[in-house]
Every structure is written in structure tokens, then in C-alpha cells.
Amino acid sequence: MIKFINVTKQYAENSVALSNINLTIDKGEFLFLVGPSGAGKSTFIKLLLKEIEPTFGKILIEGTNITKLSQRNTPALRRKLGVVFQNFRLLEDKTVYENVAFAMEVINASPREIRRQVPKILGLVGISDKAKFFPHQLSGGEQQRVSIARAIVNNPSLLIADEPTGNLDPETAWEIMRLLRQINRRGTTVLMATHAKDIVDMMKLRVVAIEGGNIVRDDMKGVYGYED
Ligand code: ADP
Ligand code: ADP
């Protein structure tokens, strides 16, 4: 469903962030993206989100070459992608329910659909009892659950998680991993950039390692492979 074909990203003359990347991610996969700081992980994610454009090559999402996509069609692409960040990025002046509902409002879902879908998703991520709370009233793990709810409420085909456990204690991190795996088992492809060695080593899923803009490893049931 996702294909990077000879993708190079060069920010400036002498800085190649990604160098001739070829990678296929199949529907339903769970893939860890690892590598040292500065390796090119964020660049990879920004290219998928079409926040930046490749210097060379093309990127296909469900057969669509997103590098050819016009401005007008970019929102339709973004709808296929859900994103979760390390620092949650919730709207502080909205409740849990409103944060998730808002993601549906911006794609013009009907009020009826929103009333039906939001409670369902809050239940799925295990946070129904906090629907009326504001983000600052929640623990970090709970805030991450809300942010995951927001990311999946419009049924994306790909969930991108950028260091989703980076701000969580180990126990809470595992709870979030259990949730991501559960969402993955329901059919959503998951791409997770991470420095969480224990998690990657325990889960035995696909691991793609990038170093200096090159893919240096791509293993099914891979390991983290760094000591940091
Ligand atoms: P990672 O997410 O793995 O830490 P990045 O994708 O952020 O790596 O960075 C890859 C390389 O590209 C690094 O050498 C970084 O300095 C460079 N880079 C990232 N963003 C920019 C930018 N906006 N302008 C110039 N160079 C950049
Ligand atoms: P954790 O054990 O994950 O660190 P916290 O101790 O932060 O969690 O919070 C424990 C519980 O108390 C959570 O369910 C959270 O929703 C609730 N809580 C935390 N802070 C507040 C607050 N300011 N107002 C209301 N409830 C809160």
C-alpha cells in the first residue's frame, strides 16, 4: 500500500537526508522505523505526510503518486493517514470528546455520524470515562490514548506514530503499544518511529533501520540494534 521508489531528499547542496530509498510497506503491516538521531526518520515521515517534497523519486500511497498530487487533493490524502506524536498535541481548550469530534468536523462528517463514531472510538481506546475531561486533567498515557483516538477516528489506512511512547513511563508505554497492536490487528497499517529498544526487541515485528539517509537493515522479526 506504500511504496518509496528511488526517493532522495536533499535539503541543501551538501545535505542529503534520504538517499535513493526503496521500500514497500504492505497493508496490515506493523513496522518500526529506527536509527540514530539525524538518520532521516523525520524526513521519511514528513514526505509521507506531504509536508515536504522529495528531490527525486516517487511515493505511492494506495497506488496514488502523492508527489504528483495537487494542493486541492492533498486533504484527501491526509484523510488516509492518522498521526500520533510524542507530545500528544491535543487541543487544550477542548474536552476529550471534542478533541476527537473535531477531527471528524474538519472533514465535514455529519453531526449524526460524529455522535455515533466518537463514543465508539473512545471505547476502543479505553477512555470513555474521561470524555468530558480536558487534556490537563489526564495522565500522559490517557492523553496519548486520546491522541490515538483522534488519529484513527476517520478510519485511516495508515497510522503513523512518531515516538509515541517517548514521554511515557515504561508501564504506560507498554499499554500504548498493546493498543497500537490492537488497532493494527483490526487492519490498520502502523508505522512507528522509535528509540524504545525494549519495545522493539520484545515485539518481534518488522524493523527498518536508517543511517545517514540509507536503509541499512530491513528485517521481519527484527531488533532495535543500537545501545542508546
Ligand atoms: P531523524 O528524524 O532521524 O533524527 P531527520 O530526518 O530529522 O533525522 O534529519 C536527517 C538529516 O537531514 C539530518 O542531517 C538533518 O540535519 C537534516 N535536516 C533535517 N531537516 C532539515 C532542514 N529543514 N534543512 C536542512 N537540513 C535538514
Ligand atoms: P499516572 O499514574 O499515569 O501518572 P496520574 O497520577 O497523572 O496518572 O493520574 C491518575 C488519574 O487521576 C488519572 O485517571 C487522571 O485522569 C486523574 N487526574 C490526574 N490529574 C487530574 C486533575 N487535575 N483533575 C482530574 N483528574 C486528574
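The values are calculated or read from the model by the stated rules, or taken from the named source; none is laboratory data. Note that this is a predicted model, so its numbers are computed, not measured. Reconstructed Cβ throughout: ideal geometry from the backbone, glycine too, with neighbour counts over all protein chains shown. Protein only, heavy atoms only, side chains kept; ligands, DNA and RNA dropped before computing areas. Shrake-Rupley method; radii C 1.70, N 1.55, O 1.52, S 1.80 Å.
Here are some notes:
- The residues listed here are Ser19, Ser37, Ser15; of these, the one that is small (Gly, Ala, Ser) and within 19 Å of the chain's Cα centre (by Cα) is Ser37.
- Gly212 being under 26 Å from Thr64 (Cα atoms) and either modelled with pLDDT under 95 or surrounded by fewer than 18 Cβ atoms within 10 Å (Cβ to Cβ) (or both): no
- Each residue in the stretch 155-181 was checked for being more than 10 Å from ligand 2 (Cβ to nearest atom) and not in a strand (DSSP E or B), and 17 of them qualify.
- Selection of the stretch 99-154 for residues being part of a loop (DSSP other than H, G, I, E, B) and either surrounded by 14 or more Cβ atoms within 10 Å (Cβ to Cβ) or touching a Leu at 6+ places or on another chain (Cβ under 8 Å) (or both) yields Ala109, Val125, Gly126, Ile127, Ala131, Phe133, Phe134, Leu138, Val153, Asn154.
- Single condition Val16 does not satisfy, out of (1) of a type in the set (A, V, I, L, M, F, W, C); (2) away from ligand 1 (no atom under 16 Å from the Cβ); (3) open to solvent by 30 Å² or more (accessible area, probe 1.4 Å); (4) touching a residue at least 24 places away in the same chain (Cβ under 8 Å): (2)
- Restricting attention to the stretch 185-209, the residues that are out of contact with any Asp or Glu (no Cβ under 8 Å at 6 or more places or on another chain), surrounded by 15 or more Cβ atoms within 10 Å (Cβ to Cβ) and assigned to a helix (DSSP H, G or I) total 3.
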